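Visitor: This is the structure I want to talk about, given as structure tokens.
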Amino acid sequence: MPATSIRDYLRSTVATLQKAVGSEAEATARIIFEDVAGYDRRFIFAEGDRGLSDFRRLQIDAAVARVLAGEPVQYAVGRARFMGMDFIVNRSVLIPRPETEGLVDMIVDRLGRRSDLRGLDAGTGSGCIAVALSRALPFCNMTAIDFSDEALLVAKTNAETLKCKIDFRKADILDMPHEAMPVYDFIVSNPPYIRHSEAADMEKRVLDWEPGSALFVPDDDPLLFYRALARYGLSTLTPGGSIFFEINKNFPDETVAMLIETGYADATASRDYLGAWRFVSAVLPKE
């Protein structure tokens, strides 16, 4: 009996995954085939009639079983794509989202003509924002912080793999030592911003697998991390320096108002590619 072809096994895998991920079945199957077995779309188009080896089938089946058990496919294959790059991910870090790419694009659009910038990525997680900015901005000196040793290990590995020199430090956004003089030209953060009361509307695949400490804030203080970073920026940003946040779509006006009250100028909210309020930026006025 001839071996099942790669293309035919992809089709059967899509059908198997539909019960777990519905309309995302084909995209999920393609991620598994590419990241686990090395069969990307181009290879399958050109070589998909080849027989699938037992070894590759077992690899694919193992990842499929994890997705069927509820695990996000990015954790099942151990990586996620962000800004065209592959990042190692595991349960100690959030899975990078396409919406966050808009935050990186915003910073590059505004600061990309400058060189030798000094930036801070607060709450770096997988390191995706810090790495993307390190590669996109000319001679940018990035510092990245996180309170989790496990997350910092993932971020450091990603930076080394993608050949970026980043200064990683263990620190808590809510307990940052204020500097005696400005050290950054910009601060960027995608901190926890989901209220616990919003958990009921979230996918089980996110709630059961991604780190809650990187997702949630108290219902009675949804701007907790933004307020701490805004205050930190007063002493650490150079005059004219910028602050960039990914935000809860329900609080664009409140985040803008908080930044203005703290002493920032040009505070503006922006929408993501899906039309949701997703980003806020502001500038520390020059003296």
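Visitor: Select, from Leu153, Leu174, Leu162, the only residue that is closer than 27 Å to Asp272 by Cβ and open to solvent by 40 Å² or more (accessible area, probe 1.4 Å).
Guide: Leu174
Visitor: A follow-up question, please. Working carefully through the options Thr238, Thr268, Thr262, Thr255, find the one that is open to solvent by less than 10 Å² (accessible area, probe 1.4 Å) and among the β-branched types (Val, Ile, Thr).
Guide: Values: Thr238 fails: open to solvent by less than 10 Å² (accessible area, probe 1.4 Å); Thr268 fails: open to solvent by less than 10 Å² (accessible area, probe 1.4 Å); Thr262 fails: open to solvent by less than 10 Å² (accessible area, probe 1.4 Å).
Every option except Thr255 fails the conditions.
Visitor: Just one of Phe225, Phe244 is of a type in the set (A, V, I, L, M, F, W, C) and crowded, with 22+ Cβ neighbours inside 10 Å; which is it?
Guide: Numbers: Phe225 fails: crowded, with 22+ Cβ neighbours inside 10 Å.
Within the list Phe225, Phe244, the selection yields Phe244.
Visitor: Okay, moving on. Filter the range 107-117 down to residues that are surrounded by fewer than 18 Cβ atoms within 10 Å (Cβ to Cβ) and in contact (Cβ under 8 Å) with a residue 24 or more places away in the chain, then give me how many there are.
Guide: Total satisfying the criteria: 6.
Visitor: Is it true that some residue in the range 70-87 is more than 15 Å from Leu162 (Cβ to Cβ), crowded, with 16+ Cβ neighbours inside 10 Å and charged (D, E, K, R)?
Guide: At the first step, the residues of the range 70-87 found to be more than 15 Å from Leu162 (Cβ to Cβ) are 70-78.
Filter once more, keeping what is crowded, with 16+ Cβ neighbours inside 10 Å: 71-77.
From what's left, charged (D, E, K, R): 71.
Yes - at least one qualifying residue is present in the range 70-87.
Visitor: What's the number of the only condition in (1) farther than 24 Å from Ser126 by Cβ; (2) in a helix (DSSP H, G or I); (3) of a type outside the set (A, V, I, L, M); (4) touching a strand residue (DSSP E or B) at 6+ places or on another chain (Cβ under 6 Å) that Asp49 fails to meet?
Guide: Checking Asp49 against (1) farther than 24 Å from Ser126 by Cβ; (2) in a helix (DSSP H, G or I); (3) of a type outside the set (A, V, I, L, M); (4) touching a strand residue (DSSP E or B) at 6+ places or on another chain (Cβ under 6 Å), the one that fails is (2).
Visitor: Looking only at the range 1-21, how many residues end up being open to solvent by less than 30 Å² (accessible area, probe 1.4 Å) and among the small types (Gly, Ala, Ser)?
Guide: 1
Visitor: Please verify whether the range 248-261 includes one or more residues that are within 19 Å of the chain's Cα centre (by Cα) and either closer than 18 Å to Leu120 by Cα or aromatic (Phe, Trp, Tyr) (or both).
Guide: The first filter runs over the range 248-261 and keeps only residues within 19 Å of the chain's Cα centre (by Cα), leaving 248-249.
Cutting the leftovers down to either closer than 18 Å to Leu120 by Cα or aromatic (Phe, Trp, Tyr) (or both) gives us none.
For the range 248-261, residues within 19 Å of the chain's Cα centre (by Cα) and either closer than 18 Å to Leu120 by Cα or aromatic (Phe, Trp, Tyr) (or both): absent.
The values are calculated or read from the model by the stated rules, or taken from the named source; none is laboratory data. As the structure is a prediction and not an experimental result, all values here were calculated from the model. Counting neighbours? That spans all protein chains shown, and the Cβs are built from the backbone with ideal geometry, glycine included. Ligands, DNA and RNA are stripped out before the accessible areas are found, and what is left, the full protein with its side chains, is counted by its heavy atoms. Shrake-Rupley method; radii C 1.70, N 1.55, O 1.52, S 1.80 Å.
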